[in-house]
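Heads up: the structure comes next, in structure tokens.
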Amino acid sequence: VTDGVVNIPTVNFGTLPDAYVGQDYTVSFTVDSVFGVQEISAAYGGTAAQLTAADNGWSFTIPGTALTAEGELAITVSGADTKEVSFTGSAKITVKDEPYILEVFPAAGTQTGDDKQPEISFTFGNAGENPTITLKVGDETVPHTVEGNRASYTPAAAMADGRVTVTATVTRADNQSATKSWTFTIGTAEYQLYFGQLHSHTTYSDGSGSLESALDYVANLP
């Protein structure tokens, strides 16, 4: 109890996705602290991390060069609040030695508008030499070209308006593989999807971030 208030600063990592050998990995976290945070630091596998602060927490990036083998990597956050009450939080990240698919184009959920022959492509990593790559548009496996870590296909003719599903697969020589499916719309969709933040708390009560940061978040939604 600090100044008559129950005071237990807590580090929240949320759900940590798996990491992959050779791929940069970003950790984002918040600290629930009644009196605010005065000092804070983070580390991964014993190496000090470079923290970046935001209104709703902090983040740091683990470089791909530090992710060299399959296994688990420990991360730790330590600090103290403005009343000099210390806190520590730790977690483990699962590191996988598998191929991975990074970006996809057109991006999932987007619309091509007037472009009816968009380049359909994706980038990948940790695939070794001469990986086997397949690209399916709908139910059809299409020919593609590979340059570096990007595989791409451009349709020979205009595609029909409507939703398109694409599935990409990268298979390494040791049979480790990664698959990703996504959809986008040729043309402009008749109906749109909208996102709404239905309920949120700020530091005015038991949440995190200021009221101004919450309003800025809403104002800057696409």
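The values are calculated or read from the model by the stated rules, or taken from the named source; none is laboratory data. All figures in this text were calculated on a predicted structure; none of them were measured in a lab. Glycine gets a Cβ as well: all are built from the backbone with ideal geometry, and neighbour counts include every protein chain shown. Just so you know, the surface numbers come from the protein's heavy atoms only, side chains and all, with ligands and any DNA or RNA stripped out. Shrake-Rupley method; radii C 1.70, N 1.55, O 1.52, S 1.80 Å.
Working from Cα pairs under 8 Å separated by at least six residues, relative contact order for segment 1-157 is 21 percent. Summing Cβ point charges (Lys, Arg +1; Asp, Glu -1) relative to the Cα centre of segment 1-103 gives a dipole of roughly 160 debye. Inter-part distance, segment 1-36 to segment 121-140, computed on C-alpha centroids, equals 36 Å. Of the solvent-accessible surface of the chain, computed with a 1.4 Å probe and all protein chains present, 48% belongs to carbon and sulfur. In the set [x] 1, 7, 14, 18, 19, 14, 11, 8, 4, 2, 1, 0; [y] 1, 6, 11, 12, 12, 12, 13, 12, 9, 6, 3, 2, 1, 0, 0; [z] 1, 7, 13, 16, 18, 16, 14, 8, 4, 2, 1, 0, the label that goes with P(r) over Cα pairs in 5 Å bins from 0, in percent computed for this structure is [y]. What value, in deg cm²/dmol to 500, does the helix sum -39500 (n - 2.57) over DSSP H runs of n ≥ 4 give at 222 nm once divided by the residues of the chain? That comes out to -1000 deg cm²/dmol. Electrostatic tally near G64: other residues with Cβ closer than 15 Å to its Cβ, Lys and Arg +1, Asp and Glu -1, net -4. Heavy-atom accessible surface of the chain, averaged per residue, reaches 61 Å², computed with a 1.4 Å probe.
Would you mind telling me the antiparallel percentage of the DSSP bridges in the chain, rounded to 5?
Numbers: 60 of 63 bridges.
Taking every DSSP beta bridge within the chain, about 95 percent pair in antiparallel fashion.
Within a Cβ distance under 14 Å of V218, other residues only, what is the Lys/Arg minus Asp/Glu net charge? The partial results should precede the final answer.
Details: positive: none; negative: D55, E212, D216.
Within the 14 Å Cβ shell, the charges total -3.
Taking chymotrypsin sites (Phe, Trp or Tyr not before Pro) in DSSP loop states with no more than 13 other Cβ atoms inside 10 Å as exposed sites, the chain has its longest site-free stretch at 1-190.
Taking the Cα centre as origin and putting +1 on Lys and Arg beta-carbons and -1 on Asp and Glu beta-carbons, what dipole magnitude results for segment 134-186, to the nearest 20 debye? Please report the intermediate quantities before stating the final value.
Values: 5 positive and 5 negative charges, 30 e Å.
Roughly 140 debye for segment 134-186.
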